[in-house]
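Peer 1: Starting off with a structure, shown below.
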Amino acid sequence: MKALRNYLDKIKPNFEEGGKYHAFRSVFEGFESFLFVPNATSKSGTHIHDSIDSKRIMSIVVIALVPALLFGMYNVGYQHYLAIQEDAGFWAVFGYGFLAVLPKIIVSYVVGLGIEFVVAQWKKEEIQEGFLVSGMLIPMIVPVDCPLWILAIATAFSVIFAKEVFGGTGMNVFNVALITRAFLFFAYPTKMSGDAVWINTDSILGLGKGQVVDTFTGATPLGQVAVSPVTDPVIVNAVGEPASFWDMVAGFIPGSIGETSVIAILVGAAILLWTGVASWKTMLSVFVGGAVMGWVFNQWGPDTAMAHMPWFQHLVLGGFCFGAVFMATDPVTSARTETGKYIYGFLIGVMAIIIRVMNPGYPEGMMLAILFMNVFAPLIDYFVVQGNIKRREKRLLKTTNN
Amino acid sequence: MGKLFSKRNKEVFSTPLGMNNPVTVQVLGICSALAVTAKLEPAIVMGLSVTVITAFSNVVISLIRKTIPNRIRIIVQLVVVAALVTIVSEILKAFAYDVSVQLSVYVGLIITNCILMGRLEAFAMANGPWESFLDGIGNGLGYAKILVIVAFFRELLGSGTLLGFNILNYAPLQELGYMNNGLMLMPPMALVIVACIIWYQRSRHKELQEQ
């Protein structure tokens, strides 16, 4: 560590004004502050510094994402070997998934961080940490068959138009990862929805060669429910066998890479809540909103399979858990007042279920629900603050009048 | 002749094409720019229609500007514009039926295009017919220029064609995995492209940037 520090100090002058590699100043600074705590301190007045800065928050979120990511990799392999009906060992299954997911992670980070570096250099600012989390989220919320060049375009689009034009990290109105997904969803619908994109059936580097069995179906549980002609369909897995509730909770179902396992996501949620990075109020109220709306549809909903799906099943399928834990709690785009967090979360849950049930074109509504509520978060905050001001004003008038 | 194309008249004609573009600088006529630019052909026809209507309504209003009572001038302007819009709409139906179907209500809605009323109020009411004609042509072409740029990108990237001719839909390209971008055909992307043009123009010309 000491040697690295000395080395950085030695090459530092090259990157300063007038140095040889001045053009890469922001890159150097980014790496330096990634490796070491910056030694700059405030010069005047009294400051109180919390030990938790945005770099640590981002790191903790990335750590919290790891269980879901690892399980996602395993599930990609699991679904593949299930589709070709071959018994492979744990490492073959995980290795297949790892090879399928890794290029997506690399593409997302290279494109996103590349743009961040260029913008930081151009605006003569420091590189901000914001993309660390988005870059990890993006590969986890796309189907495994999503082509890499499409992913690169979508990442570039959302980093530029959802983040940099608003002023960079912390200034964005919409969740950057979800804008990436929304761009993909509307621009290339055949690669983002339907039955053919959720399970990779090709072999990767010679791994997992085999013929897909005849009973193969690539539809996600929500996709099956959305097109079901009867109101209580039997949800099947990739080879047509009924999928149990346990499969849905553990995550052995087709879906976007990181979103299938409720257990892995809840491990991440525990990390986020224990470290105090995410708000339990937002998280809980998303689940409450979803449960309430699901239950309402169970009782009085239209006569479709989606409306009659038990409310607790709504909560474990699709991107609901992932969205509630990692997307809705994004501190930048969610409501910031404490009361506002309840309202914001609750309405996300409600909207997600409404979109699922009422719109036959979209079997999953979590992405649109969160993006929709992102727009309203400042409005919710405004009303909460105004309400507070009015209440205190009234109290003041009462005490002065007496 | 020298007087017809004096320096001022040239400016009247050319500033709306660039530094005072009705779409990118004044941000007028955005709605139709989003609605008709999914394909290049309707965008060109729309641009030309607006050019013709702006030019001739400017001339007509300029000719009668001294006789219009100030209190009812908006109604008089609307009557002139409505008459011209109806004529253009009928001509399109007669000679370019397919395009007029694609443009649907947007030809009729030219009457509500802010550029028209803006030019009539700001220019034709205070200037002679020839200047007003040049101003109308300039503003119409400035609008058409942006429409064509937006439609070019939307049709090329969204449908893989230009003016209906196949550009990108070839088998070898598609075997590489290329696909048309469906979002380009939706209005939000038109807004993003217009925003990019404004971004480009403002970064080129510092005097357009607000403090």
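The values are calculated or read from the model by the stated rules, or taken from the named source; none is laboratory data. Small disclaimer: the values here were computed from a predicted structure and weren't measured. Note: ideal-geometry Cβ built from the backbone for every residue, glycine included; neighbour counts use all protein chains shown. With ligands, DNA and RNA removed, areas are computed over all heavy atoms of the protein, side chains included. Shrake-Rupley method; radii C 1.70, N 1.55, O 1.52, S 1.80 Å.
Peer 1: With the requirement that a residue be over 15 Å from A:THR190 (Cα atoms) and either of a type in the set (Gly, Ala, Ser) or open to solvent by less than 50 Å² (accessible area, probe 1.4 Å) (or both), what does segment B:170-183 give you?
Peer 2: Hit for segment B:170-183 is B:ALA171, nothing else.
Peer 1: Please go through (1) open to solvent by 10 Å² or more (accessible area, probe 1.4 Å); (2) over 22 Å from A:MET248 (Cα atoms); (3) out of contact with any His (no Cβ under 9 Å at 6 or more places or on another chain) for A:ALA162 and return the number of the only condition it doesn't satisfy.
Peer 2: Status for A:ALA162: all satisfied but (1).
Peer 1: Continuing with this model, one more query. Within segment B:184-211, take every residue that is away from every other protein chain (no Cβ under 14 Å) and of a type in the set (S, T, N, Q) and give me the one that is most open to solvent (accessible area, probe 1.4 Å).
Peer 2: Among them, the one singled out is B:GLN211.
Peer 1: Please verify whether segment A:48-68 includes one or more residues that are modelled with pLDDT under 90, buried (at least 18 other Cβ atoms within 10 Å of the Cβ) and charged (D, E, K, R).
Peer 2: Scanning segment A:48-68, I find no residue that is modelled with pLDDT under 90, buried (at least 18 other Cβ atoms within 10 Å of the Cβ) and charged (D, E, K, R), so the answer is no.
Peer 1: Using the structure shown, decide if A:ALA196 is of a type outside the set (Val, Ile, Thr) and part of a helix (DSSP H, G or I). Give the derivation first.
Peer 2: Values: of a type outside the set (Val, Ile, Thr): yes; part of a helix (DSSP H, G or I): no.
Judged against the criteria, A:ALA196 is not a match.
Peer 1: Of the conditions (1) without any contact (Cβ under 8 Å) to a residue 60 or more places away in the chain; (2) in contact with a Phe, Trp or Tyr (Cβ under 8 Å, 6 or more places away or on another chain); (3) of a type in the set (Val, Ile, Thr); (4) within 30 Å of B:ILE61 (Cβ to Cβ), B:ILE149 satisfies every one except a single condition; which number is it?
Peer 2: (2)
Peer 1: Here is a further query. Out of B:GLN102, B:GLN77, I need the residue that is touching a residue at least 40 places away in the same chain (Cβ under 8 Å), polar (S, T, N, Q) and open to solvent by 40 Å² or more (accessible area, probe 1.4 Å). Which one?
Peer 2: On the way: B:GLN77 fails: open to solvent by 40 Å² or more (accessible area, probe 1.4 Å).
Residue meeting the stated conditions: B:GLN102.
Peer 1: How many residues does segment A:169-209 hold that are on the phi > 0 side of the Ramachandran plot and of a type in the set (Gly, Ala, Ser)?
Peer 2: 4
Peer 1: Please go through segment B:157-183 and pick out each residue that is within 23 Å of the chain's Cα centre (by Cα) and within 14 Å of another protein chain (Cβ to nearest Cβ).
Peer 2: Selection gives B:LEU157, B:GLY158, B:SER159, B:LEU183.
Rundown of residues vs (1) of a type in the set (A, V, I, L, M); (2) closer than 17 Å to B:MET189 by Cβ, yes/no style:
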| residue | (1), (2) |
| --- | --- |
| A:GLU126 | no, no |
| A:CYS146 | no, no |
| A:LEU151 | yes, no |
| A:SER158 | no, yes |
| A:MET171 | yes, no |
| A:ALA182 | yes, yes |
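Peer 1: Same structure again: If you go through segment A:161-179 one residue at a time, how many are within 12 Å of chain B (Cβ to nearest Cβ) and either under 18 Å from the mean Cα position of the chain (by Cα) or not β-branched (Val, Ile, Thr) (or both)?
Peer 2: 4
Peer 1: Only one of these conditions is not met by A:TYR342: (1) in contact with a Lys or Arg (Cβ under 8 Å, 6 or more places away or on another chain); (2) without any contact (Cβ under 8 Å) to a residue 12 or more places away in the chain. Which number is it?
Peer 2: The number of the failed condition is (2).
Peer 1: Return yes when B:VAL25 is of a type in the set (A, V, I, L, M, F, W, C) and modelled with pLDDT of 85 or more and no when it is not. Show your work before the answer.
Peer 2: Numbers: of a type in the set (A, V, I, L, M, F, W, C): yes; modelled with pLDDT of 85 or more: yes.
Answer is yes for this residue.
Peer 1: Inspect all residues belonging to segment A:90-107 and state whether any of them is under 15 Å from the mean Cα position of the chain (by Cα) and part of a helix (DSSP H, G or I).
Peer 2: Among the residues of segment A:90-107, at least one is under 15 Å from the mean Cα position of the chain (by Cα) and part of a helix (DSSP H, G or I), which makes the answer yes.
Peer 1: In segment A:141-159, which residue that is under 20 Å from A:GLY365 (Cβ atoms) and away from chain B (no Cβ under 12 Å) is surrounded by the most Cβ atoms within 10 Å (Cβ to Cβ)?
Peer 2: A:VAL142
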